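Participant: Here it is: the structure, laid out below.
Computed from the coordinates by the stated procedures, all read-outs in this text should not be read as laboratory data. Just so it is clear, the model here is predicted, and its values are computed rather than measured. Ideal geometry is used to build each Cβ from the backbone, glycine not excepted, and the neighbour counts take in all protein chains shown.
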Amino acid sequence: MFLSCQPNPHRGGRMTRALVFDHGAGQRFAIDAEILHKQPGLLEEFGHNLPLRFKVLDGVAYALCFVGGVGTVTVAWWMFFVGLAACVLMLATNRKSAGEAARRAARRSVDDFRRLHELGCLWVLYPADAA
């Protein structure tokens, strides 16, 4: 399952990449994976190592891009594209992982579910929005 573009009502309806999940009984919710990835400190309440994890993995992604640039100079001209593709894919994976960490927290505890909603990272999808 990939991230989908959904309007975030907590941010004035701006489109964002969201993780959509079913909470049971036909209830569908969306978690703003974009903001959680950009501000990993929001996840600190749900796991003390989560912000550090996402910062390190983002650093690895940017290092892959750098290695691709170095490979362009030393190996072949097309190595930059390989590094850039690896960087983009890893950043997308990190974004989705941030949303999944928030989803696990929301399913684990009602208090965490409420806290994610208060942070503006979780909202209900109405049937018209789910399409």
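Participant: With the condition being within 15 Å of TRP123 (Cβ to Cβ), I'd like the helices (runs of 4 or more DSSP H) fully within the range 1-108 carrying at least 3 qualifying residues.
Facilitator: 33-38, 79-108
Participant: Would you point out the residue of the range 115-131, among those that are part of a helix (DSSP H, G or I) and free of Cβ contacts under 8 Å to residues at least 40 places away in the same chain, that is farthest from CYS5 (Cα to Cα)?
Facilitator: Applying the filter and picking the extreme gives GLU118.
Participant: Let me ask something additional. Name, by its number, the condition in (1) touching a Gly at 6+ places or on another chain (Cβ under 7 Å); (2) touching a residue at least 24 places away in the same chain (Cβ under 8 Å) that does not hold for MET79.
Facilitator: Failing condition for MET79: (2).
Participant: Enumerate the pairs (first residue in the range 88-114 and among the aliphatic types (A, V, I, L, M); second residue anywhere and not in a helix (DSSP H, G or I)) with beta-carbon separation below 7 Å, excluding pairs fewer than 6 apart on the same chain, so at least 6 apart or on different chains.
Facilitator: Taking only residues 6 or more apart or on different chains, the pairs are ALA101/GLY47; ALA102/ILE31; ALA102/CYS121; ALA106/LEU122.
Participant: Taking the range 107-131 as the region of interest, how many residues are more than 20 Å from ARG14 (Cα to Cα) and either among the charged types (D, E, K, R) or touching an Asp or Glu at 6+ places or on another chain (Cβ under 6 Å) (or both)?
Facilitator: Number satisfying all stated conditions: 6.
Participant: Hey, can you tell me all the residues within the range 43-74 that are in contact (Cβ under 8 Å) with a residue 60 or more places away in the chain and out of contact with any helix residue (DSSP H, G or I) (no Cβ under 6 Å at 6 or more places or on another chain)?
Facilitator: The answer is GLU45, and nothing else.
Participant: Among the residues of the range 24-42, write down those that are in contact (Cβ under 8 Å) with a residue 12 or more places away in the chain and surrounded by 13 or more Cβ atoms within 10 Å (Cβ to Cβ).
Facilitator: ARG28, PHE29, ALA30, ILE31, ASP32, ALA33, GLU34, ILE35, LEU36, HIS37, PRO40, LEU42, listed by residue number.
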